[in-house]
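Notes to accompany the following structure.
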Amino acid sequence: MKKEKHGGYEKTLPKHDVHPQPKKILSNFSDQLAVGLKYMTKVVKAYLLANVKRGAEHKVAKKIREMKEVTEVLVTYGLWDLIARIEAETLGHLDKIITDIRQIEEIEQTSTLIGS
């Protein structure tokens with residue numbers, strides 16, 4: 001232990017001669033790629049804006065929330081009645097989800113914004 005004086009009293013400091021084990025360095029490209037792919041997911045993210053029949057906003061929002069690819073639904077005030085955030089595996093998958101949402105009877109109009 002090392003002792004230092006601070007304003008009239010001594011403070012005992014721990015010894016720092018033992019260093020933690022360094023992280024393993026990935027030696028080849030395939031190891032690096034495997035680790036990178038583990039954390040990288042390709043997801044198509046989109047926002048669906050919808051106008052619905054008057055008074056049906058919360059009922060439609062509840063139906064949309066039940067879909068597993070829908071991560072969030074908000075009832076809004078303004079030009080659009082609701083906004084739904086969707087995460088799909090592919091554009092084809094997103095198309096199916098949007099088509100399913102558009103089949104809800106109370107929905108009158110939609111617009112979809114696909115994010116990058």
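The values are calculated or read from the model by the stated rules, or taken from the named source; none is laboratory data. Given the structure is predicted, the values throughout are model-derived calculations rather than measurements. Ideal geometry is used to build each Cβ from the backbone, glycine not excepted, and the neighbour counts take in all protein chains shown.
Descriptive notes on the structure:
- The stretch 51-66, subset closer than 17 Å to Ile98 by Cα and without any contact (Cβ under 8 Å) to a residue 24 or more places away in the chain, residue surrounded by the most Cβ atoms within 10 Å (Cβ to Cβ): Ala61
- Condition met for Lys45 (more than 20 Å from the chain's Cα centre (by Cα), at pLDDT 95 or above and surrounded by 10 or more Cβ atoms within 10 Å (Cβ to Cβ)): no
- Single unsatisfied condition, Val35 versus (1) modelled with pLDDT under 95; (2) in a strand (DSSP E or B): (2)
- The residues of the stretch 80-102 that are of a type in the set (A, V, I, L, M, F, W, C) and either in contact with a helix residue (DSSP H, G or I) (Cβ under 8 Å, 6 or more places away or on another chain) or without any contact (Cβ under 8 Å) to a residue 12 or more places away in the chain (or both), listed by number, are Leu82, Ala84, Ile86, Ala88, Ile101.
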